[in-house]
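Just below is one structure, and these are the notes that go with it.
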Amino acid sequence: MSHLRETPWDKRNFNMNTYELTRADEATLRETDRSKGHFTLKTQPFENPRPFLEHGFYYVDTLIEPVCKKENLTVFEQEGISLSKDYDRDMILEIAQEVFTNGRFHRDFNIPDWQADKRYMNWVGDLMNDGKIIALKYGQGTAGFYGFDDEKVLLLGIREEYRSKGLAKGFTSLACKEQFQSGYSELRTSISAANVASLNLFYALGFRLRSTVDVYHKLNGEVV
């Protein structure tokens, strides 16, 4: 049985086969040597990386995975902010293009920035199609957006002109409160360890660390 799970949402962006490893044993690592494409491996930080490195994997990021129980959410009241599912799709994509510049695919030296950009834009587009994007409104203006899926907080994007105004806590806590109203007892998210601002934001809202994973990539072939 193959332990390479195809990731078609990435394949469309990179013009090659893409996979995520569901196991990291020697047989699966050897399978990545025989298969052309781009591979993602997520491991516990205490695992010895030597076998991965020997098979051509390279480190790209560490993801912190905080959770927040409903009763622990701190809501920051902020005058003038609101949420809306009625928004200009092109404006949301414009904000996405502006804010997502430091993801793990941007940190992958084998992936051109324009393809990493395309991945995030397509992801936001998919979430809008599924009704999983909420616009963050400040007065009559669209200040950003919040992406979610079930109990997961996926994306937060704030337009540059609205940053450094103390709005992020109000927006995010209000969106989390709305998400909890769907009946979840806790929410979870995933944040790059390099993204200190987001880590501090979610900590202020009541999220606490539950787990951490290291992310490795491998390219077997050439980017087209």
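Taken together, the values in this text are just the output of simple stated rules run on the coordinates, not laboratory data. Since the structure is predicted, the reported quantities are computational estimates derived from the model, not experimental observations. Every residue, glycine as well, gets a Cβ built from its backbone with ideal geometry; the counts of neighbours run over all protein chains shown.
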Answer in debye to the nearest 20: the dipole magnitude of region 67-212 about its Cα centre, from +1 Lys/Arg and -1 Asp/Glu charges placed on Cβ, is 500 debye
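In what sequence, highest mean first, do 179-186, 213-220 appear when ranked by Cβ atoms within 10 angstrom? Don't skip to the answer; put the middle values down first.
Values: 179-186: 13.1, 213-220: 19.2.
Listed from highest to lowest mean packing, they are 213-220, 179-186.
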Label model pair VAL196, LYS69: point-to-point distance (7 angstrom along the Cα→beta-carbon line) in nm is 3.1 nm
Once Lys and Arg are counted +1 and Asp and Glu -1 for all other residues with Cβ under 13 Å from that of PHE171, the total becomes +3
Two pseudo-spin positions, 7 Å from Cα along C-beta at GLU6 and at ARG50, lie apart in nanometres by 3.6 nm
Per the 1/(1 + (r/R0)^6) rule, R0 = 45 Å and r from the Cβ atoms of LYS85 and ARG34, FRET efficiency to 0.05 is 0.45
Surrounding charge for TYR59, neighbours by C-beta under 15 angstrom, Lys/Arg +1, Asp/Glu -1, total 0
Partner lysines whose C-alpha sits under 23 Å from that of LYS169, ignoring same-chain residues fewer than 8 away, are LYS69, LYS70, LYS85, LYS132, LYS137, LYS152, LYS177
Rounded to the nearest whole number, the Stokes-Einstein translational diffusion coefficient of region 132-220 at 4 °C and 1.567 mPa s (Kirkwood radius, C-alpha pairs) in µm²/s is 91 µm²/s
Residue separation between ARG188 and ALA27 times 0.36 nm, minus their alpha-carbon distance, gives in nm 54.7 nm
Note on region 1-128: C-alpha Rg/Rh, Kirkwood Rh, two decimals, gives 1.05
Taking N as the number of residues in region 67-212, the ratio of its alpha carbon radius of gyration to 2.2 N^0.38 Å works out to 1.01
